[in-house]
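Heads up, the thing below is written out as structure tokens.
The values are calculated or read from the model by the stated rules, or taken from the named source; none is laboratory data. Fair warning: this is a prediction, and the values are worked out from it, not measured in the lab. Ideal geometry is used to build each Cβ from the backbone, glycine not excepted, and the neighbour counts take in all protein chains shown.
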Amino acid sequence: MQELAVRSEFEYTSETYKDAYSRINAIVIEGEQEAHDNYLQMAEILTNDKENLIRLAKMENRHRLGFQSCGKNLSVTPDMQYAQDFFAGLHGNFQKAFAEEKIVTCLLIQSLIIEAFAIAAYNIYIPVADNFARKITEGVVKDEYLHLNYGEEWLKANFETAKTELEEANRENLPIVWRMLNQVEKDAKVLGMEKEALIEDFMISYGEALSNIGFTTRDIMRMSSYGLAHS
Ligand code: PL3
Ligand code: FE2
Ligand code: FE2
């Protein structure tokens with residue numbers, strides 16, 4: 001009944017909590033850094049929309065600084081090497097797509113998959129966060145909806161030409177997300193976040209985005225299940 005209110009400040013300073021936080025905090029910092037870099041790279045391809053994409057990149061930079069201060073506030077040193085390894089799969093696929101100027105794939109990876117993952121993580125984190133981190137995360141998650149919307153709008157406007165590449169990019173990248181979720185499950189639980197809740201929130205944001213872009217319910221069901229069975 002009072003579950004939300006009973007997390008004491010003591011838990012946030014326990015060694016168990018701080019150990020899990022050193023990885024989760026690093027993941028979020030690395031994710032924001034990569035998001036920043038990804039929007040700047042996309043600005044090089046979508047030159048018509050350059051200003052807008054640079055604006056999004058700057059927001060990601062502020063997010064990174066915010067989460068760095070959350071770690072400092074708990075006297076936690078983020079394990080950045082762990083986080084770089086965590087993102088290696090999506091990072092590699094984004095860089096490959098960028099080199100081939102496959103902007104549809106770049107948008108799917110960053111603006112749909114990574115943003116929906118961030119939205120799920122931040123929404124589930126907010127009710128169990130310490131007061132300092134909660135305020136920061138509440139501000140950040142509002143921006144992430146704008147980023148998801150950016151990808152949605154672009155892909156919706158180009159749906160007919162983007163459809164095949166979107167399906168292919170979904171098939172290659174969604175299984176990576178399920179693996180990332182499995183990898184983070186234990187640490188997330190220490191912070192009070194359940195894997196099922198993360199999956200549910202992710203599927204809602206990602207599925208709604210695919211629907212707004214123009215996919216049918218049938219398409220969305222098929223696309224969402226890629227990789228789930230084998231994760
Ligand atoms: C895009 O703007 C940012 C990308 C960040 C990706 C974050 C993924 C986080 C997955 C880890 C789940 C636990 C999150 C805890 C929240 C502080
Ligand atoms: Fe962000
Ligand atoms: Fe973002």
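Quickly run through the stretch 120-131 and pick out the residues that are over 13 Å from the mean Cα position of the chain (by Cα) and either within 12 Å of ligand 3 (Cβ to nearest atom) or surrounded by fewer than 15 Cβ atoms within 10 Å (Cβ to Cβ) (or both).
Within the stretch 120-131, PRO127, ASN131 qualify.
Of the numbered conditions (1) closer than 30 Å to TYR17 by Cα; (2) within 14 Å of ligand 2 (Cβ to nearest atom); (3) free of Cβ contacts under 8 Å to residues at least 24 places away in the same chain; (4) of a type outside the set (A, V, I, L, M), ARG55 fails exactly one; give the number of that condition.
(1)
Please verify whether LYS50 is in contact with a helix residue (DSSP H, G or I) (Cβ under 7 Å, 6 or more places away or on another chain), more than 24 Å from LEU191 (Cβ to Cβ) and surrounded by fewer than 16 Cβ atoms within 10 Å (Cβ to Cβ), treating the condition exactly as stated.
So LYS50 passes the test.
Cβ-Cβ distance below 8 Å, separation of 6 or more or different chains: which pairs start in the stretch 141-156 with a residue that is at pLDDT 95 or above and end on one that is charged (D, E, K, R) and more than 11 Å from ligand 3 (Cβ to nearest atom)?
TRP154/ASP49
Taking the conditions exactly as written (surrounded by 15 or more Cβ atoms within 10 Å (Cβ to Cβ) and not in a helix (DSSP H, G or I)), does TYR226 satisfy them or not?
In short, yes.
Somewhere in the stretch 99-117, is a residue charged (D, E, K, R) and surrounded by 20 or more Cβ atoms within 10 Å (Cβ to Cβ)?
Scanning the stretch 99-117 turns up at least one residue that is charged (D, E, K, R) and surrounded by 20 or more Cβ atoms within 10 Å (Cβ to Cβ).
If I ask for residues that are in contact (Cβ under 8 Å) with a residue 60 or more places away in the chain and polar (S, T, N, Q), which ones from the stretch 102-136 would you list?
If the condition is that a residue be in contact (Cβ under 8 Å) with a residue 60 or more places away in the chain and polar (S, T, N, Q), then THR105, GLN110, ASN123 are the ones that fit.
Scan the stretch 58-75 for residues that are aliphatic (A, V, I, L, M) and either touching a residue at least 24 places away in the same chain (Cβ under 8 Å) or within 9 Å of ligand 1 (Cβ to nearest atom) (or both) and jot them down.
MET59, LEU74
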